[in-house]
Structures are given as C-alpha cells and as structure tokens.
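Notes follow the structure.
The values are calculated or read from the model by the stated rules, or taken from the named source; none is laboratory data. No experiment lies behind these values; they were computed from the predicted model shown. Cβ coordinates were reconstructed from backbone atoms using ideal geometry, including for glycine residues, and neighbour counts include every protein chain displayed.
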Amino acid sequence: MSPAQQQAAGIELGSFERQNMTTEVQANGSVEVPPQNRVAITAIQGGYVQAVAVLPGEHVAAGAVVATLRAPEYLALQQQYLQSKARVLFLSQDLERQRILDVEDVGAKRKLQLARADYATEQATLRATAAQLQLLGISVARLAATGRIAPSVALTTPIAGYVKAVNINPGQYVGPQDIAVEVLNRDDLHLELKVFEKDVAQVKVGQKILFKVQNANRGEELTARVFLVGQAFDDNARTVRVHAHLEPERRDLLPGQFVAARIQTAGRRARTLPEAALIQAGDLSYIFRRVSQDSGRTVFRRVRVRASPPQHGDVAVTVLDPLPDTTQLVRRGAYFLDAELRKGEDAD
C-alpha cells in the first residue's frame, strides 16, 4: 500500500500493549433487599378492614399504623380476658380461705386441693388470653387498668421503609393468610445473580463485579463485590444464586430491577490490541503486521491469533506463531486491509 492509501484508510501502526486482563463470568439477576428488610403485614386473627392509612410508595416509620380492623372476635377476646381476670381474683381469695381453714384443721383437704387446681387453671387461661391480645396489638396493661374494650385493632409495620403494595380496601375481610400491606426497606440493597453450573467453580467470595441496570437510561457501569455463593443448585435452571454487596452503596436503584453482570474471576498480564485491530473469522481472528517497505510502499501480512472477549475496547490476544512484542502492527484500519486482501483473492 502507498502512503496515500494508508492515510485515506486511517491506518495506524503500533505494537502490542501489556495490560492486566481479567477473565469474566457472565450472569444475570436483579437488585434485591435482604429478607429482614422485606415485610408482609398480615392479620393475626381475621377481621374486616375499617380504614387504610397508607398508599403505595409512601414512607412509613417503624411502628406506624397501616390499617385498622374490627371483628366481634376482638371484642369477645377482651371480654374473656376481663372475666378471667375477675375470676382469678375470686379464686385467689377462695384459695386463701381454704388455706386458713386447713391450718386451723377445719376444712377438708380436698377443698384446698380443688381451690389450688381451679386457681392454677384460671391463671393459665388468663395468661393465654393476654398473649393472644398482645399478638393482636391490644394493650393488656391498658385493658386491665381501665377495663375499656377497644373496638378495633391496628395493623402496624415492624420496620421503616416504603410501602410496596396495599392489597386491602375498607369493608374487605382479611384472613390470617392474606397479605394486607407490603413494606420494603432499601437501606441494604444488594445483587442477587444466577450463575450457570459450568461457571460456578470460578466464582469466589470477594471477587469484583461490573454490572449495568437493564432498561435504564444510563450507560454507567456500576460495581459490586461477591459476598455469598450459594451451595445448592436451582433444580429447574441448574443455576446457583450469588449475592453481592454494592460498592459503594447506592440509593438510586430499586428492588426488582434487572441487571446484567460480569464477575471478574481472575487477572493476568497479557498482550492486548484494540478491537479495531482484529478481524473475526470463526474460532480464530487475524491481525496485520508490517513486513517491509519497498519503493515507498508498505507490505502487510495477515497473522492468526486467538482472541479473548473484549474488555473496555481492548482484546487480549494469543499469537499462534512466534511474534516479538516490538513487531509493528496495524492498530486501526484492519478491516480496510482485509477488504483489499479479499479483492486480490477474488481477482485471482
């Protein structure tokens, strides 16, 4: 090729560069939160929705009321507690009378034993009823002190966070199996990736991850680090779950967003060339080296190489025939040379 042809084709010459290149495992997954940061609020005992206090997307503090329920069973349980409390008081007084009579050898032993049994039985009933009221969120101390029966029960969130879903409406019956409200805390976002069986052995705790959020209008590549590698396969997809912590932690991601990730499993020094220097041809690739200059024209020869996946625009190459690091290579414009070479082959 003449200098004018080289200039017109934008051919740039140079040599190999030595870079630290990593091998990578491709994985897909999503942004998630730990189980303790995700809560499904349900009714301990079924009831009818009286009011809903939150909307999806709203921020709530820990202990905040998200809904109130009412049901005859709530009233009956409080009534049972008050009746049991009164009966325990009566039985304790009766037990004391039977003890005095027993000491004075007036009363029968059987009556003292029966009084003890009745008192212990009613105490167990009172404690069980109090525990049920506490599960419902009803203050046992206030009920015992005032005797006032609460007409409704409040559903509260045990964690602070954002309301993900509200699945109830006023007047609707909610059973213990129904999820009324879901709340997410985004303070500890992490990645949950699925790694195929053939790649699992390469993934280790502490490895760096580069990932992009799919369907987001950003070309930014984010980073994370492997925190936990699962020890069992998903029977259907034959994948293993890998958990990773974001570095640094971010607040602009949402739980459930899909990500495409590259887990960097190893590093090595390798010869590299720009992607524009390689011609793909099946399993092998080709590069061009400058052989000689004669009468102002430059002679190029095609060289077979094996190329690794590109990283940031550079490709690690393994030359199949010996070639010094100082060899002058075409770093840009290889496709033009390949086209000229094919023209010559077609003409022949």
Could you look through the range 292-315, keep only residues that are among the hydrophobic types (A, V, I, L, M, F, W, C) and within 15 Å of residue 334 (Cβ to Cβ), and pick out the one that is surrounded by the fewest Cβ atoms within 10 Å (Cβ to Cβ)?
303
Assuming residue 73 fulfils every condition listed in (1) under 30 Å from residue 301 (Cα atoms); (2) charged (D, E, K, R); (3) assigned to a helix (DSSP H, G or I) apart from one, which condition is it?
(1)
Residues that are of a type outside the set (Lys, Arg) and in a strand (DSSP E or B), drawn from the range 235-249
239, 240, 242, 243, 244, 245, 246
Quick one: which residue in 276, 232, 270 is outside any strand (DSSP E or B), among the hydrophobic types (A, V, I, L, M, F, W, C) and within 16 Å of residue 317 (Cβ to Cβ)?
276
Between a first residue in the range 36-51 that is within 18 Å of residue 72 (Cβ to Cβ) and a second residue that is surrounded by 16 or more Cβ atoms within 10 Å (Cβ to Cβ) and among the charged types (D, E, K, R), which pairs have beta carbons less than 8 Å apart while being 6 or more apart in sequence or on different chains?
47/70; 48/70; 50/70
Got a sec? Which of 307, 266, 281, 276 is under 28 Å from the mean Cα position of the chain (by Cα) and on the phi < 0 side of the Ramachandran plot?
266
Name the pairs: first residue in the range 122-137 and closer than 19 Å to residue 152 by Cβ, second residue surrounded by fewer than 15 Cβ atoms within 10 Å (Cβ to Cβ), Cβ to Cβ under 6 Å, at least 6 apart or on different chains?
135/44; 136/44
May I ask you to list pairs of residues, at least six apart or on different chains, whose Cβ atoms are under 8 Å apart, with the first in the range 321-339 being small (Gly, Ala, Ser) and the second being loosely packed, with under 11 Cβ neighbours inside 10 Å?
333/10
Would you confirm whether any residue within the range 57-72 is of a type in the set (A, V, I, L, M) and under 30 Å from residue 333 (Cβ atoms)?
no
Within the range 139-158, considering residues that are of a type in the set (Val, Ile, Thr) and touching a helix residue (DSSP H, G or I) at 6+ places or on another chain (Cβ under 7 Å), the one nearest to residue 79 (Cα to Cα)
149
Checked 154, 150 against criteria (in contact with a Lys or Arg (Cβ under 9 Å, 6 or more places away or on another chain) and either of a type in the set (Phe, Trp, Tyr) or not in a helix (DSSP H, G or I) (or both)); the one match is 150
Could you list, in sequence order, the residues of the range 150-165 that are under 28 Å from residue 30 (Cα atoms) and either surrounded by fewer than 19 Cβ atoms within 10 Å (Cβ to Cβ) or not assigned by TED's automatic domain parsing to the domain that holds residue 55 (or both)?
158, 159, 160, 162, 164, 165
If residue 176 satisfies every condition in (1) more than 30 Å from residue 22 (Cα to Cα); (2) surrounded by 15 or more Cβ atoms within 10 Å (Cβ to Cβ); (3) of a type outside the set (S, T, N, Q); (4) modelled with pLDDT under 95 but one, which is the exception?
(2)
Residue 11 fails exactly one of the following numbered conditions: (1) buried (at least 16 other Cβ atoms within 10 Å of the Cβ); (2) modelled with pLDDT of 90 or more; (3) touching a Leu at 6+ places or on another chain (Cβ under 9 Å). What is the number of that condition?
(2)
Within 15 Å of residue 33 (Cα to Cα), assigned to a loop (DSSP other than H, G, I, E, B) and among the acidic types (Asp, Glu), is that true of residue 252?
yes
Can we say residue 63 is in contact (Cβ under 8 Å) with a residue 40 or more places away in the chain, closer than 23 Å to residue 144 by Cα and under 27 Å from the mean Cα position of the chain (by Cα)?
yes
Would you confirm whether any residue within the range 219-227 is within 30 Å of residue 14 (Cβ to Cβ), of a type in the set (Gly, Ala, Ser), touching a strand residue (DSSP E or B) at 6+ places or on another chain (Cβ under 6 Å) and at pLDDT below 85?
no
Does any residue of the range 73-85 turn out to be without any contact (Cβ under 8 Å) to a residue 40 or more places away in the chain, crowded, with 18+ Cβ neighbours inside 10 Å and touching a Leu at 6+ places or on another chain (Cβ under 8 Å)?
no
What single numbered condition from (1) touching a strand residue (DSSP E or B) at 6+ places or on another chain (Cβ under 7 Å); (2) surrounded by 15 or more Cβ atoms within 10 Å (Cβ to Cβ); (3) not charged (D, E, K, R) fails to hold for residue 40?
(2)
